[in-house]
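**Q** This is the structure I want to talk about, given as structure tokens.
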Amino acid sequence: MSQNIETVLTEDRSFPPPPEFAEQANVTPEQYQQMWQRAKDDPAGFWGELAKSELDWFKPFTETMSGEMPNTKWFADGQLNACYQCVDRHLTTWRKNKAAIVWEGEPGDTRTLTYQQLHHEVCKFADVLDKLGVQAGDRITLYMPMVPELAVAMLACARVGATHSIIFGGFSADAIADRNNDAQSKLVITADAGWRRGKEIPLKANVDAALDKSPSVEKVVVLRRTGADVTMVPDRDFWWHDLMDKATPDRECTHVDAEHPLFILYTSGSTGKPKGVLHTTGGYMLGATMTTRWVFDLKDEDTYWCTADIGWITGHSYIVYGPLSNGATTVMYEGAPNWPDEGRFWNLVEKYSVNVFYTAPTAIRAFIKWGDQWPEQYDLSSLRLLGTVGEPINPEAWMWYHRVIGGEQCPIVDTWWQTETGGIMLSPLPGVTATKPGSCTTPLPGVVPAIVDEQGNELDANQGGLLVMTQPWPHMLRTLYGDHDRFVDVYFAKFDGKYYFAGDGARRDEEGNYWVMGRVDDVINVSGHRLSTMEVESALVSHEQVAEAAVVGFPHELKGEGICCFVTLKTESDASDEMKAALKQHVRTQIGALATPDQIRFAAAVPKTRSGKIMRRLLRDIAAGRESAGDTTTLEDYTVLAKLREDE
């Protein structure tokens with residue numbers, strides 16, 4: 001039986017950087033090669049020089065890197081503050097009156113905060129935290145809608161040295177309680193409610209229910225967002241505006257060690273309690289700063305929009321810390337992409353003349369399903385760079401994005417990274433890399449990956465295997481909060497601490513481009529052949545009638561595992577036995593008989609997290625005819641799951 005992941009997808013299209021883009025790019029091909037080689041050969045020298053030139057230190061570090069994976073530390077004897085990097089240091093430049101955050105709420109209300117105004121708000125809320133008794137090192141839970149106050153609160157936590165734990169606003173009370181208890185949070189910052197598709201999400205009510213099971217939480221700060229009726233408990237609950245009215249705007253930054261915990265962010269496991277990924281201040285800020293500048297080719301005049309929720313790592317690194325550290329203008333949007341209609345994102349691109357647009361492949365596939373008539377109604381000519389994040393993008397969705405949204409003029413940066421890596425690891429650099437639909441192409445400077453087999457032996461080109469990192473990097477996670485043994489076991493034990501194992505399968509082609517094939521646990525073993533679900537999904541989506549596909553394995557008495565495909569058609573009325581047969585033949589033609597689906601199930605939608613990842617674990621349960629176990633708190637729409645079960 002083959003131990004490696006068989007790669008069956010072929011993609012030969014290639015798009016070099018447009019010459020006019022390459023001429024103005026932040027990084028040239030020569031610079032990239034020099035930086036990458038230097039970082040590989042002398043990581044301490046490379047990152048040490050960048051840290052000195054790109055971050056502001058209260059106390060300079062004398063040692064860049066110490067220890068080996070999995071226990072590496074960076075800039076450990078230096079002191080700085082993440083809030084200072086994002087806000088204060090811009091106040092002595094022309095950027096103090098530049099827009100830092102451009103925000104639009106789902107109902108259409110808008111606000112803009114300049115760097116000077118953001119500084120004023122952050123300092124006041126830092127003073128609020130002081131008066132509530134928050135100390136450096138305390139853990140603070142943030143459970144808020146996508147409003148500017150969320151960014152203000154996280155920066156204020158950093159300012160006073162508190163460690164924030166942001167919980168996505170779609171989580172349940174039990175999920176909040178689990179995270180509060182794991183982090184031993186002292187304070188919760190929330191809102192009365194938030195907007196999502198025209199409905200109020202009852203955030204404060206969820207917090208109230210969670211606090212019945214969260215004994216460490218002493219106080220709650222509540223932002224008035226929708227005006228919803230809420231219960232305020234005396235001496236525990238305080239209105240944001242009341243506290244801010246009494247606050248002073250002159251709170252200086254606390255000096256913290258570079259290895260001081262900046263934030264904890266929980267990622268759901270399929271079983272067991274969520275993992276509290278811990279990132280520290282100096283290394284994380286350097287990674288967020290540099291990857292934002294390199295990958296998004298940020299210019300001072302750019303309006304940049306990452307469509308993620310700040311409750312996920314993408315929002316941490318590429319809405320708040322990375323863009324603000326670079327002095328950029330970052331767009332925040334509160335609501336859904338199809339409210340009040342499917343043109344909302346393109347309306348915002350036109351309205352704010354967005355130049356750089358970063359979204360998820362699942363969102364792109366939704367845009368395709370909704371139809372070209374929506375983006376065609378708006379002027380998207382301001383766009384100069386597009387990006388994708390969250391999971392591998394299938395080539396046909398990439399081509400639609402390139403053609404319809406980018407007008408065939410915008411490079412696309414297909415980024416691979418994780419909550420645990422803190423920042424982008426593999427990605428085209430838009431003025432350097434010839435992009436290939438479906439490939440995240442090449443590693444960034446400081447990232448030294450390999451494709452290995454189960455024994456850790458490096459594989460040749462076009463052999464599918466396990467994606468590992470062979471060198472430490474500054475913005476990697478330091479531990480799982482309160483459970484260092486689990487941290488070592490999950491990420492390093494497979495190869496005895498030699499490599500960081502990402503949990504993803506991948507291959508590298510003859511030109512050195514990486515093709516991520518999805519989570520290793522999303523591999524199907526068909527008659528002894530290990531196939532990537534992503535490749536079968538890409539074949540399905542290349543059919544002109546298919547908007548989206550999710551592929552999972554299920555127990556098969558002859559093959560070991562069969563291939564079950566959940567398919568969303570562009571036109572639901574096309575669902576028929578004839579269409580099933582046509583799709584099976586299409587996959588057979590695209591990939592080969594080995595990958596012929598055993599089952600095709602039509603679905604109006606597939607279960608996803610709010611961050612856009614398809615929850616294939618739940619689909620595996622449905623395909624196998626068993627009840628779903630494990631954490632489902634990240635599901636965006638529970639009715640999708642119920643509908644799929646009805647159709648079994």
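The values are calculated or read from the model by the stated rules, or taken from the named source; none is laboratory data. In this text, all values refer to a predicted model and were calculated from it rather than measured experimentally. So basically every Cβ, Gly included, is an ideal-geometry build from the backbone, and we count neighbours across all protein chains shown.
**Q** Restricting attention to segment 269-276, does a residue exist that is part of a strand (DSSP E or B) and closer than 30 Å to Arg486 by Cβ?
**A** Here is the first cut: in segment 269-276, the residues part of a strand (DSSP E or B) are 275-276.
Next, only the ones that are closer than 30 Å to Arg486 by Cβ stay: 275-276.
Yes, because at least one residue in segment 269-276 is part of a strand (DSSP E or B) and closer than 30 Å to Arg486 by Cβ.
**Q** Do any residues in segment 1-24 that are of a type in the set (Lys, Arg) and assigned to a loop (DSSP other than H, G, I, E, B) have Cβ atoms under 6 Å from those of residues that are modelled with pLDDT under 60 and surrounded by fewer than 17 Cβ atoms within 10 Å (Cβ to Cβ), where the two are at least six apart or on different chains, and which pairs are they?
**A** Between residues of segment 1-24 that are of a type in the set (Lys, Arg) and assigned to a loop (DSSP other than H, G, I, E, B) and residues that are modelled with pLDDT under 60 and surrounded by fewer than 17 Cβ atoms within 10 Å (Cβ to Cβ), there is no close pair.
**Q** Would you point out the residue of segment 243-268, among those that are assigned to a strand (DSSP E or B) and at pLDDT 95 or above, that is farthest from Trp57 (Cα to Cα)? Break it down stepwise before answering.
**A** Residues of segment 243-268 assigned to a strand (DSSP E or B): 256-257, 261-267.
This time we only want the ones that are at pLDDT 95 or above, so: 256-257, 261-265.
Values: Val256: 10, Asp257: 10, Pro261: 17, Leu262: 16, Phe263: 19, Ile264: 23, Leu265: 25 Å.
Ranking the qualifying residues of segment 243-268, first place goes to Leu265.
**Q** Here is a further query. Test Pro202 against the stated conditions and say whether it is under 23 Å from Ala308 (Cα atoms) and touching a residue at least 60 places away in the same chain (Cβ under 8 Å).
**A** Values: under 23 Å from Ala308 (Cα atoms): yes; touching a residue at least 60 places away in the same chain (Cβ under 8 Å): no.
Against the criterion (under 23 Å from Ala308 (Cα atoms) and touching a residue at least 60 places away in the same chain (Cβ under 8 Å)), Pro202 does not qualify.
**Q** Can you tell me which residue in segment 348-371 is modelled with the highest pLDDT, limited to those that are assigned to a loop (DSSP other than H, G, I, E, B) and closer than 14 Å to Val413 by Cα?
**A** Asn355
**Q** Now for a separate question. From the list Arg179, Arg196, which one is at pLDDT below 95 and surrounded by fewer than 20 Cβ atoms within 10 Å (Cβ to Cβ)? Let's see the steps before the verdict.
**A** Details: Arg179 fails: surrounded by fewer than 20 Cβ atoms within 10 Å (Cβ to Cβ).
Among Arg179, Arg196, only Arg196 is at pLDDT below 95 and surrounded by fewer than 20 Cβ atoms within 10 Å (Cβ to Cβ).
**Q** Another question, then. If the requirement is being within 30 Å of Asn326 (Cα to Cα) and at pLDDT 95 or above, which of these qualifies: Val152, Val220, Val230? Don't jump to the end; show me each part of the working.
**A** Details: Val220 fails: within 30 Å of Asn326 (Cα to Cα); Val230 fails: within 30 Å of Asn326 (Cα to Cα).
Selected residue: Val152, the only one of Val152, Val220, Val230 that is within 30 Å of Asn326 (Cα to Cα) and at pLDDT 95 or above.
**Q** Tally time: how many residues in segment 450-486 are more than 20 Å from the chain's Cα centre (by Cα), closer than 23 Å to Ala44 by Cβ and in contact (Cβ under 8 Å) with a residue 40 or more places away in the chain? Please lay out each step first, then the result.
**A** Of segment 450-486, the ones more than 20 Å from the chain's Cα centre (by Cα) are 450-466, 470-472, 482-486.
Next cut, closer than 23 Å to Ala44 by Cβ only: 450, 470-472.
Adding the requirement that they be in contact (Cβ under 8 Å) with a residue 40 or more places away in the chain leaves 450, 471-472.
Of the residues in segment 450-486, 3 are more than 20 Å from the chain's Cα centre (by Cα), closer than 23 Å to Ala44 by Cβ and in contact (Cβ under 8 Å) with a residue 40 or more places away in the chain.
**Q** Condition first: surrounded by fewer than 17 Cβ atoms within 10 Å (Cβ to Cβ), farther than 19 Å from Ser317 by Cβ, in contact (Cβ under 8 Å) with a residue 40 or more places away in the chain and not aromatic (Phe, Trp, Tyr). Can you find one or more residues in segment 152-164 that meet it?
**A** no
**Q** Give segment 401-420 a look and list any residue that's surrounded by fewer than 20 Cβ atoms within 10 Å (Cβ to Cβ) and not in a loop (DSSP other than H, G, I, E, B), or say none.
**A** First pass over segment 401-420, keeping only residues surrounded by fewer than 20 Cβ atoms within 10 Å (Cβ to Cβ): 403-404, 406-409, 418-419.
Answer for segment 401-420, where residues must be surrounded by fewer than 20 Cβ atoms within 10 Å (Cβ to Cβ) and not in a loop (DSSP other than H, G, I, E, B): Arg403, Val404.
**Q** Filter segment 323-338 down to the residues that are of a type outside the set (Val, Ile, Thr), at pLDDT 95 or above and either touching a Pro at 6+ places or on another chain (Cβ under 7 Å) or farther than 30 Å from Leu50 by Cα (or both) and list them by number.
**A** Met332, Tyr333, Glu334 - these are the residues of segment 323-338 that are of a type outside the set (Val, Ile, Thr), at pLDDT 95 or above and either touching a Pro at 6+ places or on another chain (Cβ under 7 Å) or farther than 30 Å from Leu50 by Cα (or both).
**Q** Would you mind finding the one in Ala605, Ala595, Ala624 that is modelled with pLDDT of 70 or more, within 21 Å of Gly518 (Cβ to Cβ), surrounded by 20 or more Cβ atoms within 10 Å (Cβ to Cβ) and more than 21 Å from the chain's Cα centre (by Cα)? Steps first, answer last, please.
**A** Working: Ala605 fails: surrounded by 20 or more Cβ atoms within 10 Å (Cβ to Cβ); Ala624 fails: surrounded by 20 or more Cβ atoms within 10 Å (Cβ to Cβ).
Going through Ala605, Ala595, Ala624 in turn, the sole match is Ala595.
**Q** A further question on this structure: Considering segment 101-117 alone, what residues qualify as being within 12 Å of Thr330 (Cβ to Cβ) and touching a residue at least 60 places away in the same chain (Cβ under 8 Å)?
**A** Restricting attention to segment 101-117, the residues satisfying the condition of being within 12 Å of Thr330 (Cβ to Cβ) are 101-103, 112-113, 115.
Result: Ile101, Val102, Trp103, Tyr115.
**Q** Any idea which residue in segment 222-264 is surrounded by the most Cβ atoms within 10 Å (Cβ to Cβ), counting only those that are closer than 30 Å to Asp77 by Cβ and in contact with a His (Cβ under 6 Å, 6 or more places away or on another chain)?
**A** Of the residues in segment 222-264, the ones closer than 30 Å to Asp77 by Cβ are 250-264.
Among the residues that remain, those that are also in contact with a His (Cβ under 6 Å, 6 or more places away or on another chain) are: 262-263.
Numbers: Leu262: 28, Phe263: 26.
Among residues in segment 222-264 that are closer than 30 Å to Asp77 by Cβ and in contact with a His (Cβ under 6 Å, 6 or more places away or on another chain), the one surrounded by the most Cβ atoms within 10 Å (Cβ to Cβ) is Leu262.
**Q** Could you list all residues from segment 46-94 that are in contact with a Gly (Cβ under 9 Å, 6 or more places away or on another chain) and among the aromatic types (Phe, Trp, Tyr)?
**A** Residues satisfying the conditions are Phe46, Trp47, Trp57, Phe58, Phe61, Trp74, Phe75.
**Q** From the residues in segment 530-564 that are more than 19 Å from Arg588 (Cβ to Cβ) and of a type outside the set (A, V, I, L, M, F, W, C), which one is nearest to the chain's Cα centre (by Cα)?
**A** Among them, the one singled out is Glu548.
**Q** OK, next. Which numbered condition trips up Ala209, out of (1) in a loop (DSSP other than H, G, I, E, B); (2) of a type in the set (Gly, Ala, Ser); (3) on the phi < 0 side of the Ramachandran plot; (4) surrounded by fewer than 17 Cβ atoms within 10 Å (Cβ to Cβ)?
**A** The failed condition is (1).
**Q** Checking Pro472 against (1) touching a Phe, Trp or Tyr at 6+ places or on another chain (Cβ under 9 Å); (2) part of a helix (DSSP H, G or I): exactly one of these is not met. Which one?
**A** Evaluating Pro472 over (1) touching a Phe, Trp or Tyr at 6+ places or on another chain (Cβ under 9 Å); (2) part of a helix (DSSP H, G or I) leaves (2) as the failure.
**Q** Identify, please: which residue in segment 311-328 is closer than 18 Å to Tyr352 by Cβ and among the aliphatic types (A, V, I, L, M) and is, among those, farthest from the chain's Cα centre (by Cα)?
**A** Here the residue is Ala328.
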